[in-house]
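Everything on this sheet refers to the single structure shown next.
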Amino acid sequence: MPIVNRVADLHNEIKEWRRDFHAHPELRYDVHRTAGSVAEKLKSFGCDEVVPGIGRTGVVGVIRGRKSGAKVIGLRADMDALPLEEETGLPYKSTVPGKMHACGHDGHTAMLLGAAKYLAETRNFAGTAVVIFQPAEEGGAGALAMVKDGLISRFGIQEVYGMHNYPGLPIGQFAIRPGAMMAAADHLQIEIEGKGGHAARPHLSIDTILVGAQMINQLQSIVARNVDPLEAAVVSVCMFQAGHTDNVIPQHAVLRGTARSLTPEVRELLHQRIGEVVEGTARLYGATAKVTYTNGYPVVVNHERQTAFAADVAREIAGKDKVDIDVPPVMGAEDFAFMLAERPGAFIFVGNGDSAGLHHPAYDFNDETIPVGTSYWVRLSETALAG
């Protein structure tokens, strides 16, 4: 595996950065310690510009090549953690109760910092590499906040690239595909109004727990019977709140969940049918229901030319047989979609080996991924900006 030699030399240093970020997780936009550390490191590397506060707490570093060139590419990593109690027992485990890096953003940030250090040292390219450290990927749409704050136009970014670790994919391997790579994820909240009463006299009540249970079952029929079997969709109800004791039928209930899709047509179908199913089921049982449907992150759509380019770079690092160029789309969501909607680019997965899954309390980013991911960023920059 042709890991960049200098990157191999930097491995232990990058690993220490990663473990420091892991021990001090921060949520959404409240990433002040992480962003401060990133900005300090970028300045110490000798970046031409270091700009904090983009999209509230995002950080941008600008590195110009030693050769003149007009092309500008953006490389993005996310910085935020999750509201989860860590269960790894690692010596560098989270020091903050109820927060942990369960998605590998600590590793993403560290790898891009490693690439920034290398690129600022060597500058063996023509044009400009813009390293983007984003807050609030986990539900806060930090990518959109950075875009709205002028990220693309201010720094003249022409193409943009992202990377995420992938548990289950062996270390040293990559996976990518053109087109829809990750799903749109929309949010639904259902407020049910029934008629409360005594548990011994259900016939005098309208039981919101029964109504909610029926709604959950009926919502699954949308994917089973309304969505084309050759298309992809997921409707998941993940929260059901009702009642306070064991002998009172509750007057109110609330359901919350997500609807995920890979095409605009299926996305609109889910929106329409969820409302119809919820209202119809409530009416059937004599209850009423209100659906609040909120569009979340859009589909991550990889651009064809940039995807082919990213795959070629990955092959250079990992070897031709270690890059899957037709990985099945993932029904998880990623706000990098907002950046890809602004400029052509590609999002790639890098193997995290046999680790716990993302968002699991026993997950940990695999430090053996560092030389692979960092080398990818380096070669992608030098190749895209070859002049």
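The values are calculated or read from the model by the stated rules, or taken from the named source; none is laboratory data. For clarity, every value in this text was computed on a predicted model and none was experimentally measured. Here the Cβ is made from the backbone with ideal geometry for all residues, glycine too, and neighbour counts use every protein chain on show. Heavy atoms of the whole protein, side chains included, go into the accessibility calculation; ligands, DNA and RNA do not. Shrake-Rupley method; radii C 1.70, N 1.55, O 1.52, S 1.80 Å.
Within the group V50, V38, which residue is assigned to a helix (DSSP H, G or I), open to solvent by less than 70 Å² (accessible area, probe 1.4 Å) and in contact with a Leu (Cβ under 7 Å, 6 or more places away or on another chain)?
On the way: V50 fails: assigned to a helix (DSSP H, G or I).
Testing whether each residue is assigned to a helix (DSSP H, G or I), open to solvent by less than 70 Å² (accessible area, probe 1.4 Å) and in contact with a Leu (Cβ under 7 Å, 6 or more places away or on another chain) leaves just V38.
Among A184, A145, which is more than 30 Å from A287 (Cα to Cα), buried (at least 18 other Cβ atoms within 10 Å of the Cβ), in contact with a Leu (Cβ under 8 Å, 6 or more places away or on another chain) and small (G, A, S)? Step through it out loud before you land on a result.
Values: A145 fails: in contact with a Leu (Cβ under 8 Å, 6 or more places away or on another chain).
Result: A184 is the single residue among A184, A145 that is more than 30 Å from A287 (Cα to Cα), buried (at least 18 other Cβ atoms within 10 Å of the Cβ), in contact with a Leu (Cβ under 8 Å, 6 or more places away or on another chain) and small (G, A, S).
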Task: Among residues of region 356-372, those that are open to solvent by less than 20 Å² (accessible area, probe 1.4 Å) and either under 12 Å from V313 (Cβ atoms) or among the hydrophobic types (A, V, I, L, M, F, W, C) (or both), counted - done: 3
Task: Single condition E85 does not satisfy, out of (1) open to solvent by 40 Å² or more (accessible area, probe 1.4 Å); (2) among the acidic types (D, E); (3) out of contact with any Lys or Arg (no Cβ under 9 Å at 6 or more places or on another chain) - done: (3)
- [ ] Check whether at least one residue in region 120-135 is within 20 Å of E334 (Cα to Cα), open to solvent by less than 30 Å² (accessible area, probe 1.4 Å) and assigned to a loop (DSSP other than H, G, I, E, B), and report yes or no.
- [x] yes
- [ ] Hey, can you tell me all the residues within region 312-337 that are surrounded by fewer than 21 Cβ atoms within 10 Å (Cβ to Cβ) and either part of a helix (DSSP H, G or I) or among the basic types (K, R) (or both)?
- [x] D312, R315, E316, K320, D321, K322
Open item on the list: Suppose the filter is in contact (Cβ under 8 Å) with a residue 24 or more places away in the chain and either of a type in the set (D, E) or assigned to a strand (DSSP E or B) (or both); does R76 pass it?
Closed with: yes
Task: Filtered residues of region 356-387 (kept if under 18 Å from the mean Cα position of the chain (by Cα) and over 24 Å from L119 (Cβ atoms)) - done: A356, G357, L358, H359, H360, P361, Y363, D364
Open item on the list: Which pairs turn up if I take residues in region 256-280 that are more than 14 Å from S236 (Cβ to Cβ) and of a type outside the set (A, V, I, L, M) and look for partners that are part of a helix (DSSP H, G or I) and modelled with pLDDT under 95 with beta carbon separation below 7 Å, at least 6 apart in sequence or on another chain?
Closed with: none
Task: Pair list, Cβ under 6 Å, 6 or more apart: region 296-318 residue more than 24 Å from H271 (Cα to Cα), other residue surrounded by fewer than 22 Cβ atoms within 10 Å (Cβ to Cβ) and among the hydroxyl-bearing types (S, T, Y) - done: V313/T383
